[in-house]
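Below: the structure, in structure tokens.
The values are calculated or read from the model by the stated rules, or taken from the named source; none is laboratory data. Given the structure is predicted, the values throughout are model-derived calculations rather than measurements. All Cβ positions, glycine included, derive from the backbone under ideal geometry; neighbour counts span all protein chains shown.
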Amino acid sequence: MKISLFLILVLFFSINAQTVNISEYEIEAEFQIAVSLYDSSQYNDALEFFNRIAFQYQKSTKTSAAELFIAKIFYNQKEFEASASRLNDFLRNFSNSSYKDEAQFTLANCYLNLKDYSRSISELLEIIENSNSKIYASKSKKLLETIYFKHLDLDRLKSRLPEVNNYKSRAALLLIQAKLQLYYEQHFESLQSLNSIVALYDNTDESNEAKKIIDLVSKSSDNGITTARSILVLQSTNSDYADVRKASQEALEGIKFASDEFNRNKNEKIGLLIRNIKGNETEIKQIADELKDRRFCAIIAPLHSKEVGFILKYFNHRGIPILSPTATEDSLTIKWENFFQANPSFVMRGKVMAQYIKYVEDKIRIAVVYSNDGYSKILSESFIEEFEAIGGEVIKKIPYSEKNANLTQILSPLKKLKLDGIYSPISHSSTAPILLSALLRNGINVQIYGNQDWMDARGIESFSQLSKKLTLTSDYFVDYQDFAYIDFVKKFSSLTRKEVNRNVIYGYDAASFLFGVLQNKLIFFNRYVEMMKSQEEQSGFHNSVSFDEHRINQFLNIVRFRNNIFELVDVFKYENRLTEDGN
């Protein structure tokens, strides 16, 4: 990749500038400012500070750290060649630095992004062999495994092994070889590799993991190999609440149809074991106890966050992916490391709209109008944090209470402001026409951005001056004219004699994504979880699916109100401002 002209000039003048002597205290102060700018993704501004500290001021305790940050800025800006060059200089100049592991791991990621797999592997093997940091050694082993599974193959690993004689790095490669042999169904060879690891590398992490895999294999009834080719489906199809019961039954129909579609004409099928959790924790615990000796490759969790929480409490220890089609509570993926949300959380929804307004609509000056009731506040807080972080300006924040609000009076301060638009997520659809009326009474005529609750509102077409400027996020907008969707409806109705609705599609899309992952015969610990994280984007009928590092779907539909109907404008993906490896 080419370095931008701005960055070249900054480096040139910084390096050639006369050394300036200032106090260590002043250097420390500038360094803290630079780190703050870096953390808020203001990379060019941060670069000016780091360049002065690294190349213009006298050598200090912050010199090496500043040079590393310069390389990391290039990395985060996807200038991987420039980053690799700076990192190699850093490793030559500061070979004994406490930041060496971080620099080398970032360098490995640079080479990976440049598709120079051999050099990436070399850096990772050196970290594994020489680092005193368990964290970086573990991260390096995981990335090494990902490279061989995702980008290379067993033959490439075998050709590398004779070159590696160091104790720790060879053990790491042998374990990956054993896992690849399982993946390619070379079961006997895999067991040989595993037993060799146990014999030669006793009391290492590789030996302990090899023993676990051997134990798993020995308990299997399928030629010594566990296939666990079934999914546990947990739904409240007999809940005491009619709306929960109906939605669960409809989602289950979508899941079963996806299963039938996937297994048709396949010799090796993936089965469904369906259990009714009845919407209560006691039933879930009983099911967990009943199935404690059964193996599954994944679990499809219920629709609602509260029920999902109970499922995770009793099933997460199995180490397999647990996927909910619709749960939106943000804390679930934070607390449970194997849980995936196919439906974007409320925090993610606010972030998506922030990036869409800034990057696609090119709007800068936004007012945020939100309710203190329900999830409107969560959406708004997330939007504000993201929008300001990427360079937008939130000119005014106006909260209100839906129970007792004179919106015309509350919104009057907006009349005096120069705005590019208003972000106003609502918690109740009944608020939408009231809010539009209040804006018009105040003579405010700008772009309106909101959430999908606007789509359920009645009467917004009466305010055509504003409603035609309405842009929304939605996780379930369906293009009814899409030929693939029309074909799906025909097949589903023909097989089930039932109608397709959004709950059916929620279940179908989530299950289809899961089947796509599980068709890979990954039969050892945690590989399905890793595959879910790294799976390529998949289109669905109600929304596309791609998980971020927190295992939350990053896609949302962007919808506009035109000619009294809602139409799809874009399927927009949130782009994380921080890299997944933490650099």
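Taking the range 269-335 as the region of interest, none of the helices (runs of 4 or more DSSP H) fully inside it holds 3 or more residues being among the aliphatic types (A, V, I, L, M), assigned by TED's automatic domain parsing to the domain that holds G516 and in contact (Cβ under 8 Å) with a residue 40 or more places away in the chain. In this structure, S371 qualifies as in contact (Cβ under 8 Å) with a residue 40 or more places away in the chain and not assigned by TED's automatic domain parsing to the domain that holds R318.
Residues in the range 474-490 that are surrounded by 13 or more Cβ atoms within 10 Å (Cβ to Cβ) and either in a helix (DSSP H, G or I) or among the aliphatic types (A, V, I, L, M) (or both): V478, Y485, F488, V489. The number of residues in the range 161-181 being in contact (Cβ under 8 Å) with a residue 40 or more places away in the chain and surrounded by 17 or more Cβ atoms within 10 Å (Cβ to Cβ) comes to 5. Quick check on I299: is it out of contact with any Gly (no Cβ under 7 Å at 6 or more places or on another chain) and within 21 Å of A251 (Cβ to Cβ)? So I299 fits the description; yes.
Table: residues versus (1) without any contact (Cβ under 8 Å) to a residue 60 or more places away in the chain; (2) crowded, with 22+ Cβ neighbours inside 10 Å; (3) polar (S, T, N, Q); (4) touching a His at 6+ places or on another chain (Cβ under 8 Å).
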position	(1), (2), (3), (4)
I426	yes, yes, no, no
S430	yes, no, yes, no
L439	yes, yes, no, no
G443	yes, no, no, no
Y449	no, yes, no, no
E461	no, no, no, no
S464	yes, no, yes, no
K468	no, no, no, no
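Listed conditions (1) under 19 Å from K139 (Cβ atoms); (2) touching a residue at least 12 places away in the same chain (Cβ under 8 Å) are all met by R119, apart from (2).
If you go through the range 564-583 and keep only what is outside any strand (DSSP E or B) and modelled with pLDDT of 90 or more, you end up with just Y574. Listed by position, the strands (runs of 3 or more DSSP E) contained in the range 337-451 that have at least 1 residues being small (G, A, S) and either more than 21 Å from I552 (Cβ to Cβ) or at pLDDT 95 or above (or both) are 365-371, 421-423, 447-450. For the range 85-100, residues that are among the charged types (D, E, K, R), touching a helix residue (DSSP H, G or I) at 6+ places or on another chain (Cβ under 9 Å) and surrounded by fewer than 20 Cβ atoms within 10 Å (Cβ to Cβ) total 1. Check the range 55-74 and report whether any residue there is part of a helix (DSSP H, G or I), within 25 Å of K142 (Cα to Cα) and of a type in the set (S, T, N, Q). So far as the range 55-74 goes, no, none of its residues is part of a helix (DSSP H, G or I), within 25 Å of K142 (Cα to Cα) and of a type in the set (S, T, N, Q). Of note, L194 satisfies the criterion of being crowded, with 20+ Cβ neighbours inside 10 Å, farther than 20 Å from Y117 by Cα, within 33 Å of the chain's Cα centre (by Cα) and assigned by TED's automatic domain parsing to the domain that holds S122.
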